[in-house]
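As structure tokens, the structure follows; a few thoughts come after it.
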Amino acid sequence: MAAVLLSERALSRATTITIAEERIYDVAAREALLDRAMGEGRTRKSSEKLRRNRLPAEGLALVARHADGEVAGTVRLWNIQAGVGKDGKGVPALLLGPLAVDPRAEGQGIGSALMREAVRRAGEAGHGAILLVGDAPYYARFGFSAEKTEHLVMPGPFERNRFLALELVPGWLDGATGLLTATGSLAKHG
């Protein structure tokens, strides 16, 4: 777990949040938070096609909790193949999403704290790149840009200017071209 000091604006609720790996008892709170933050159409996005019936990458499903234990934010990363490289082999990467903060806690730095922690953990785990579909000005502060996604495509409709990548290993996505595909472990149902 990581305790994170938030901005001064956050001091009205609590001075710290705790970021930890998501646990089974977080599922209901996470889903309710995602519904509040993203609305009903959240499961129809192209990114969802890569997440459906898959487990998040090991150690990369995170929640942020207030001091009282309430889930205030969530982020998950998923194993994917980012097309193929110059050598004709698949390029392993991560897909980030969704990142969401409870609307009642917006502006407190929780989303930024989750992003920094997710990127740090992904790098420490040896992953080479993270891709996402999101607001370019927001994600630019973490090093994401559309430069490395120019020759990659999502499965289904997506906005090219919102398709971003961050290389954790310089040059990881050089020459990558083609369709993103899911490679993560399948979820067990039943």
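What follows is calculated from the coordinates using simple rules that are stated; it is not laboratory data. These figures come from a predicted structure and were not determined experimentally. Every residue, glycine as well, gets a Cβ built from its backbone with ideal geometry; the counts of neighbours run over all protein chains shown.
Compute the angle between helix 27-38 and the longest alpha-carbon principal axis of the chain, please, reported from 0 to 90 degrees and rounded to the nearest 10. Its long axis makes an angle of about 80 degrees. Label separation (Asp35 vs Arg116): 3.3 nm, computed from points 7 Å beyond Cα along the C-beta direction. Straightening the chain between Arg160 and Ala136 buys 7.6 nm, computed as 0.36 nm per residue apart minus the Cα-Cα spacing. Summing charges over neighbours of Ala182, with a neighbour being any other residue whose Cβ is under 10 Å away from its Cβ, gives +4 when K and R count +1 and D and E count -1.
When the expected Rg is taken as 2.2 N^0.38 Å, what fraction or multiple of it is the alpha-carbon Rg of the chain? Relative to the rule-of-thumb radius for its length, the chain sits at 1.01. Computed extension gain for Glu48 through Ala20, at 0.36 nm per residue and net of the alpha carbon distance, reaches 7.8 nm.
Dipole orientation for the chain: of the candidates Val71, Ala100, Leu186, Leu186 has the Cα lying most toward the positive pole (charges on Cβ; Lys, Arg +1; Asp, Glu -1).
Taking packing as the residue-averaged number of other Cβ atoms within 10 angstrom, the listed peptides 127-134, 60-67, 173-180, 18-25 run from highest to lowest as 127-134, 60-67, 173-180, 18-25.
Once backbone amide H atoms are built at 1.01 Å from N, Gly109 has no partners under 5 Å, excluding neighbours fewer than 5 places away on the same chain. The local environment of Ala118, defined by Cβ-Cβ distances under 12 Å, has a net charge of 0 under the rule Lys, Arg +1 and Asp, Glu -1.
For the pair Ser185 and Ala67, a Förster radius of 30 Å applied to the C-beta separation gives a FRET efficiency near 0.35, rounded to the nearest 0.05. Under the rule of at least 5 residues apart or a separate chain, name every residue whose amide H is placed under 5 Å from the amide H of Glu22. Long-range HN contacts for Glu22: Ala61, Leu62, Val63. Would region 143-190 count as rounded, prolate or oblate if I go by the C-alpha gyration tensor, calling it rounded below 1.5 in a/c and otherwise prolate when a/b exceeds b/c, oblate otherwise? Note, shape of region 143-190 comes out prolate. Inter-label distance, Glu124 to Ser145: 2.8 nm, where each label sits 7 Å from its Cα along the C-beta direction.
If R0 is 30 Å, the Cβ-Cβ spacing of Leu55 and Lys86 corresponds to a FRET efficiency of close to 0.50. Classified by the C-alpha gyration tensor, region 44-147 has a prolate form. Its axis ratio a/c, with a ≥ b ≥ c, is 1.5 or above, and a/b is larger than b/c. Computed 3J(HN,Hα) for region 98-111, one whole-Hz value per residue from the Karplus formula 6.51 cos²θ - 1.76 cosθ + 1.60 where θ = phi - 60°, is x, 9, 8, 10, 3, x, 6, 10, 4, x, 9, x, 5, x, glycine and proline marked x.
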